[in-house]
Amino acid sequence: MSIYEIAALGAAFCWAVTTLMTAGPAQHLGALAFTRIRMTMVFVMLAAYVAFTGGWRSIGSDHLLPLLASGIIGIFIGDSLLFATMNRMGPRRTSILFSLNAPMAVILGWLVLGETLELRELIGIALAFAGVTLAILFGKRKSQLHQWENIKGPLIVGVALGLGAALAQATGSLIARPVMAAGIDPAAGSLVRVGTSVVAFYMAMLLPGGYLKAQAPLTPGIALTTAFSGFLAMAVGMTLVLYGLQGGQVGIVSTLSATTPALVLPLLWYKTGEAPAPFAWLGAALVIAGSALIFAG
């Protein structure tokens with residue numbers, strides 16, 4: 001295994017770890033407040049880095065509108081739905097639902113950009129959906145009692161939130177794809193997207209109802225975990241993926257970085273002391289196999 005492939009696996013591991021790290025703070029603060037606070041912290045980190053490297057010079061006026069739209073849809077909407085799913089479905093089900101952003105991106109590319117859907121991609125999409133279905137419906141043992149395996153509220157609502165998060169992520173990526181392909185600095189592009197979402201969050205706080213306000217105080221421990229999870233997921237994880245793509249084969253790197261649903265399982269086992277059910281492993285394996293077919297081109 002090359003250093004580039006190891007980097008891709010490292011990214012998947014970062015995302016698996018942060019999936020578990022964010023479960024507690026997201027429940028403590030509430031999904032929307034947690035997302036707002038986390039994105040604000042990430043924005044400060046990215047702003048400092050981009051100011052130091054001068055990457056902001058790579059962004060032209062014609063890049064701004066797609067990046068703004070991508071930030072609203074992919075981060076403001078997508079991350080809010082993602083952590084709302086986390087609070088209802090737990091980290092295992094959330095990670096596997098969110099993995100559907102890959103097949104959704106392929107379908108959107110076909111519908112919106114007129115990209116060709118090959119047979120292997122159709123098979124990959126079918127495998128991924130089958131894996132998610134197995135993991136959601138049959139991925140829990142009766143003996144598993146940890147709160148992360150409980151479903152809060154109707155199952156269909158949690159699944160709808162997770163699918164919405166995946167669709168928002170896929171749409172945001174699709175909008176940003178032409179801009180990123182133009183060669184702008186990735187960190188600068190992320191800064192604009194994250195900054196847009198932060199502005200949207202604070203504007204939304206002006207709406208009546210107080211839905212974006214934290215439902216519990218931001219303690220030092222919660223703040224530290226939130227900041228570290230943002231750094232690990234968006235700074236370290238994304239950097240590892242970009243490094244992997246620099247020298248590795250795109251299909252292999254993309255597939256390895258999509259192994260997060262499988263890597264979450266042993267981490268959950270270690271954290272909760274409860275072995276995942278066989279269908280949880282099978283569902284994760286099918287999702288990875290589907291991703292492998294989708295990215296094989």
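The values are calculated or read from the model by the stated rules, or taken from the named source; none is laboratory data. If you're wondering where the values come from, they're calculated on a predicted model, not measured in any experiment. Don't worry about glycine lacking a Cβ; one is built from the backbone with ideal geometry, like all the others, and counts go over all protein chains shown. These accessible areas exclude ligands, DNA and RNA; they are computed on the full protein's heavy atoms, side chains included. Shrake-Rupley method; radii C 1.70, N 1.55, O 1.52, S 1.80 Å.
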*How many residues are open to solvent by 20 Å² or more (accessible area, probe 1.4 Å), of a type outside the set (A, V, I, L, M) and farther than 12 Å from Ala216 by Cα if we restrict to the stretch 25-40?*
2
*From Ile72, Ile3, grab the single residue that is open to solvent by 30 Å² or more (accessible area, probe 1.4 Å), among the β-branched types (Val, Ile, Thr) and over 21 Å from Ser197 (Cα atoms).*
Ile3
_Give all pairs with beta carbons closer than 9 Å in which a residue from the stretch 147-169 that is in contact (Cβ under 8 Å) with a residue 60 or more places away in the chain meets a residue that is acidic (Asp, Glu); count only pairs at least 6 apart in sequence or on separate chains._
Glu149/Glu274; Ala165/Asp79; Ala168/Asp79; Gln169/Asp79
*Of all residues in the stretch 76-114, which are at pLDDT below 90 and either of a type in the set (Val, Ile, Thr) or over 30 Å from Leu268 (Cα atoms) (or both)?*
Val106, Ile107, Leu108, Gly109, Trp110, Leu111, Val112, Leu113, Gly114
_I'd like to check something: does the stretch 128-143 contain any residue that is of a type in the set (Phe, Trp, Tyr), assigned to a helix (DSSP H, G or I), open to solvent by 40 Å² or more (accessible area, probe 1.4 Å) and closer than 30 Å to Val199 by Cβ?_
no
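Residue-wise test of (1) touching a Phe, Trp or Tyr at 6+ places or on another chain (Cβ under 7 Å); (2) under 28 Å from Val198 (Cα atoms).
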| residue | (1), (2) |
| --- | --- |
| Phe83 | yes, yes |
| Asn87 | no, yes |
| Thr94 | no, yes |
| Met104 | no, yes |
| Ile107 | no, no |
| Leu111 | no, no |
| Gly114 | no, no |
| Leu117 | yes, no |
*Can you give me the number of residues within the stretch 155-187 that are among the hydrophobic types (A, V, I, L, M, F, W, C) and either touching a Cys at 6+ places or on another chain (Cβ under 6 Å) or buried (at least 18 other Cβ atoms within 10 Å of the Cβ) (or both)?*
14
*Is there any pair with a first residue in the stretch 270-288 that is among the polar types (S, T, N, Q) and a second that is surrounded by 17 or more Cβ atoms within 10 Å (Cβ to Cβ) whose Cβ atoms are under 9 Å apart and which are 6 or more apart or on different chains, and what are they?*
Thr272/Gln144; Thr272/Trp148; Thr272/Glu149
_Unique match (being surrounded by 16 or more Cβ atoms within 10 Å (Cβ to Cβ) and either within 18 Å of the chain's Cα centre (by Cα) or over 16 Å from Ile151 (Cα atoms) (or both)) among Gly90, Gly114_ = Gly90
*Take the residues of the stretch 144-154 that are open to solvent by less than 60 Å² (accessible area, probe 1.4 Å) and either in contact with an Asp or Glu (Cβ under 6 Å, 6 or more places away or on another chain) or not in a loop (DSSP other than H, G, I, E, B) (or both): which is modelled with the lowest pLDDT?*
Gln144
